[in-house]
Amino acid sequence: MRSTFTIFFTRYICLTAVLAIIISVLTACSSTRLFYTFLNNFIEDEVSYFIDLDEEEEIFLSQQVSEIISWHRKLMLPSYSEYLKNTANMLEVGQYGKDDITNILADGKSLIEETTIGLTPYASKFLVRNQSLENIKYIEERMETRKNERLVELSKSNEVLYKERIEKLTTNFERFFGKLTSEQMILIETYAKITLGHAKIRLNNRTLRQKAFINFLRTQPSETEITKYLNKLLLNGHLIVNPSHKEFSKNSLELFNELLVNILSISLTSQREKIIIKLRGYAEDFRSI
C-alpha cells in the first residue's frame, strides 16, 4: 500500500518482473515486518508469471531472491530509515514549505536510483539465462497480457476513474494525516481532476519501454550489457524511447509537490503530529529489520 511520502517512488515503473515488484513495493509497504515475511514467495510467484521456469531455474531464482532481500535489508533499509526519520524531524520543526518538500522528494528519488542500480545486477544474472527465442516470446506475451488488463481498468468512464482516483488519494493521505478537512479534500479533488489522464500516459510509456527491452533481449546481450541497459532504461528511459516523457515526469512530480505543500500548509497540528509518529514508526521498522 502506498504512503503519502513514498508514493512518487512507484512512478519509476520497472520493466522486468524482478525489479517491478521489489522497487515498487519494498518502498511503499505499510506493514513492513509482515511484508518481509512473505516477500520471497511474492517475488518468485511474480517472476514465474513472466518467465516459464524449469526446476533448475526455480532453484536459481530462489537463490537470487534470497540474495536480493539480504542485500536490500542490510544496505538499503537503513537508508530508508534515515530518510523517513529526517523527514519527520523536518516536519516537527515546521520545515514543510515548497523548497523543503522539493528536497524531500529529491532525496527519495536518489534513494530509488541507488536501489535500482543495486538491483539490476541480480536481475541481469537471471535474465541472461532466459534469452532463448521461446523465453523472450513468453515474456513478451505476459507483458501484453498485463498491459491489456490495465487497459481494461483504464477503459472505465472518466466519472468512475475520477471517483476511484479521489478515493485512492484520500486513503493514502488519511493513512498519515487522519481525517482530511474539507479544504484539504478540495485540493485532492482538484489534483485528481488535473492528473486524471496521467495513468494512461504512464501505461503508454511503459509499453514503449517494454517493447524496447524485448528488442534488446533479442540481441542476446551479455550479463554486463543487460545491467548497463537496465540502468539506462529504468533511470533515463527517455534517452532510449519517448523523449517527451521526461518533461511529463517532471511536471507530474511538480504537481504532486504542489499538492503536498498545499495540504501541509493548511494541516492541523494533530495531523502533523500523526504524520511524524507514522514516519518514525516506519523508520524504526526499517531499522529493526
Here are some residues: LYS200, LYS179, LYS168, LYS137. Which one is closer than 22 Å to ASN242 by Cβ, of a type in the set (D, E, K, R) and either touching a strand residue (DSSP E or B) at 6+ places or on another chain (Cβ under 7 Å) or surrounded by fewer than 18 Cβ atoms within 10 Å (Cβ to Cβ) (or both)? LYS200
Restricting attention to the stretch 106-134, which residues are closer than 21 Å to ILE276 by Cβ and buried (at least 19 other Cβ atoms within 10 Å of the Cβ)? GLY108
Which numbered condition trips up GLN95, out of (1) assigned to a helix (DSSP H, G or I); (2) at pLDDT 85 or above; (3) among the polar types (S, T, N, Q)? (1)
Which condition from (1) closer than 23 Å to GLU46 by Cβ; (2) β-branched (Val, Ile, Thr); (3) surrounded by 15 or more Cβ atoms within 10 Å (Cβ to Cβ) is the one that THR87 breaks? (1)
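Can we say ILE136 is farther than 21 Å from ARG206 by Cβ and of a type in the set (Val, Ile, Thr)?
Criteria not met by ILE136.
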Examine the stretch 264-285 for a residue that is in a helix (DSSP H, G or I), crowded, with 17+ Cβ neighbours inside 10 Å and hydroxyl-bearing (Ser, Thr, Tyr), and state whether such a residue exists. yes
Residue satisfying condition, being in a helix (DSSP H, G or I) and without any contact (Cβ under 8 Å) to a residue 60 or more places away in the chain, within set LYS147, LYS137: LYS137
Conditions first: (1) of a type in the set (S, T, N, Q); (2) in contact with a helix residue (DSSP H, G or I) (Cβ under 7 Å, 6 or more places away or on another chain); (3) within 23 Å of LEU233 (Cβ to Cβ). THR145 passes all but one, so which condition is the exception? (2)
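Is the stretch 257-269 home to any residue that is polar (S, T, N, Q), in contact (Cβ under 8 Å) with a residue 40 or more places away in the chain, farther than 24 Å from SER79 by Cα and touching a Leu at 6+ places or on another chain (Cβ under 6 Å)?
Pass one, the stretch 257-269, residues polar (S, T, N, Q): 257, 262, 265, 267, 269.
Within this subset, residues satisfying the condition of being in contact (Cβ under 8 Å) with a residue 40 or more places away in the chain are 257, 262, 265, 267.
With farther than 24 Å from SER79 by Cα added as a condition, the list becomes 262, 265, 267.
Checking which are touching a Leu at 6+ places or on another chain (Cβ under 6 Å) leaves us with 262.
Scanning the stretch 257-269, I find at least one residue that is polar (S, T, N, Q), in contact (Cβ under 8 Å) with a residue 40 or more places away in the chain, farther than 24 Å from SER79 by Cα and touching a Leu at 6+ places or on another chain (Cβ under 6 Å), so the answer is yes.
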Between residues in the stretch 210-232 that are without any contact (Cβ under 8 Å) to a residue 12 or more places away in the chain and closer than 15 Å to LEU119 by Cβ and residues that are β-branched (Val, Ile, Thr) and surrounded by 13 or more Cβ atoms within 10 Å (Cβ to Cβ), which pairs lie under 7 Å by C-beta distance while being six or more apart or on different chains? LYS232/ILE240
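The values are calculated or read from the model by the stated rules, or taken from the named source; none is laboratory data. Every value quoted in this text rests on a predicted model; they were computed, and no experiment measured them. Note that we place each Cβ from the backbone using ideal geometry, even for glycine, and neighbour counts take in every protein chain shown.
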